[in-house]
Amino acid sequence: MYVPPEVCSNEDLATVHGMDTSDEWIHQRTGIRERRHAPAGWAAHDMALPACLAALEQANMTADEIDLIVFATLSPKHAFPGDGVYLQRALGLCGDGGTFAPALDVRNQCSGFLYGLSVANAMIGSRAATTVLVVGAEAHSAALDFTTRGRTVASLFGDGAGAVILTEAKPDEGISYVTLGADGRHADELCQKVWDMSRRPYIELDDEGYGRIPPSELWANMDGRTVYRHAVQRMCEVVQRLCSEGGVALEDIERFYFHQANLRINQAVAQRLGIPFDKVPTNIDRYGNTTAATIPLLLAEDTRNGRLQPGMKVACVAFGSGFTWGGALIDWASS
Ligand code: ACO
């Protein structure tokens with residue numbers, strides 16, 4: 001994992017950015033105390049690089065063993081190409097003697113890491129790949145409206161990156177079941193439009209040919225209450241499906257890695273299903289919502305602090321913009 005060093009606390013949003021907000025308001029409703037902000041000049045792939053290098057070191061592998069990169073982000077540096085190829089270049093996989101490993105970009109927002117993980121799992125299962133680097137990384141702070149107008153969204157999100165390396169598992173280890181879902185009826189309830197390729201041209205131009213983007217399209221829009229309701233419902237359904245289709249009893253799952261959108265969403269899911277909350281690790285208090293990075297950040301922290309051990313049965317569950325959702329049931333393997 002990698003998170004940038006700059007901490008932006010709830011108080012900083014008020015005092016540094018001049019936002020009309022408070023630690024009490026944000027913490028009470030979301031569980032967030034602070035988040036990290038990357039410095040100017042840093043894109044999602046710049047944060048992904050140290051996370052990937054740490055993953056390689058932990059797995060005792062070198063970058064040239066990777067034969068596929070799957071990069072999940074909703075905050076890519078450019079409209080195209082995606083951040084996957086920039087990461088591939090930074091890892092030294094192209095040029096003389098390079099492996100030219102393919103790089104696939106995943107656009108499924110908060111569910112991006114689990115969509116990416118499922119693709120990696122399928123690629124390994126079909127023998128199209130043997131060693132896949134799955135990354136979730138976000139540079140949210142570049143695209144948040146830090147004025148009072150943007151406070152509902154800007155207070156939620158933070159920057160960071162997490163990565164895992166997938167290889168073929170031994171019997172009874174690894175990903176045993178994956179489930180994904182989407183409901184496009186809610187595509188506009190959590191979105192950042194920025195431009196519209198159905199328009200001619202796709203961004204309104206002023207007389208000098210410069211693009212003009214109204215604030216409603218420049219910044220993210222979120223119907224927070226609708227997101228909250230659907231997140232709780234879908235995440236509960238995902239956990240139930242992991243148990244019924246994955247053939248495991250709820251009480252046999254030792255760790256639940258839930259996407260970190262809002263502490264209250266995760267508390268509601270755990271309460272509804274009767275999951276003891278000490279099985280549900282949390283880092284939203286320190287990092288906010290890092291979208292595609294939340295689950296690999298949790299995995300990295302839990303590996304570091306020894307709470308995630310080889311042989312454990314764990315569930316990863318996410319919900320986000322689209323709406324999209326996903327889950328994975330994993331028998332955690334030794335690296
Ligand atoms: N500080 C102070 N006041 C605020 C802030 C803030 N940071 N944000 C919003 N407010 C104000 C609003 O402007 C509004 O003021 P008004 O009544 O004068 O218009 C008031 O607080 C209530 O706003 P609501 O949006 O109705 O507040 P709500 O109680 O719904 O809480 C929240 C907002 C926390 C976002 C909640 O809806 C929620 O948690 N929704 C889930 C969405 C979520 O977690 N999204 C994360 C990204 S999506 C994902 O990852 C799944």
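Before moving on, here are some points about what is shown:
- Net length available on complete extension from Trp42 to Glu11 is 8.8 nm, with 0.36 nm assigned per residue and the Cα-Cα distance removed.
- Backbone HN-Hα couplings from phi across region 156-169 [Karplus 6.51/-1.76/1.60, Hz, Gly and Pro as x]: 8, 9, x, 9, x, 8, x, 8, 10, 10, 9, 9, 4, 8
- Cα extents for the chain along the principal axes, largest to smallest and rounded to whole angstrom: 63, 54, 37.
- Taking amide H as placed 1.01 Å from N in the peptide plane, Ala139 has its amide H under 5 Å from the amide H of Ala44, Ser75, each at least 5 places away in sequence or on another chain.
- Three-way shape call for region 93-132 based on the alpha-carbon gyration tensor, with the a/c threshold at 1.5: oblate
- Here the alpha carbons of region 249-335 define both size measures, Rg and Dmax, at 12.4, 34 Å.
- Volume per residue that the Cα convex hull of region 129-196 spans, once the total is divided by residue count, Å³: 168
- Within a Gaussian network of the chain (alpha carbon springs, distance under 10 Å), most fluctuating of Asp252, Asp207, Asp223: Asp207
- Its convex hull of Cα atoms gives region 67-170 a direction-averaged projected area, equal to a quarter of the hull surface, of 7.7 nm².
- Close amide H pairs (under 5 Å, H built 1.01 Å from N) link Tyr177 with Leu329, residues at least 5 positions away or on another chain.
- Here the Karplus curve 6.51 cos²θ - 1.76 cosθ + 1.60, taken at θ = phi - 60°, turns the phi angles of region 201-210 into couplings of x, 6, 10, 4, 10, 8, 4, 9, x, 8 Hz, with x standing for Gly and Pro.
- Considering only Tyr115, Tyr287, Tyr228, the Gaussian network model of the chain with Cα springs below 10 Å gives its largest mean-square fluctuation to Tyr228.
- Area of Val106 that stays accessible when all protein chains are in place (1.4 Å probe, Å², to 10): 10
- Within a Gaussian network of the chain (alpha carbon springs, distance under 10 Å), most fluctuating of Leu263, Leu242, Leu250: Leu250
The values are calculated or read from the model by the stated rules, or taken from the named source; none is laboratory data. Bear in mind the structure is a predicted one, so any value in this text is a computation, not a measurement. Calculation scope for accessible area: heavy atoms of the full protein, side chains included, ligands and nucleic acids excluded. Shrake-Rupley method; radii C 1.70, N 1.55, O 1.52, S 1.80 Å.
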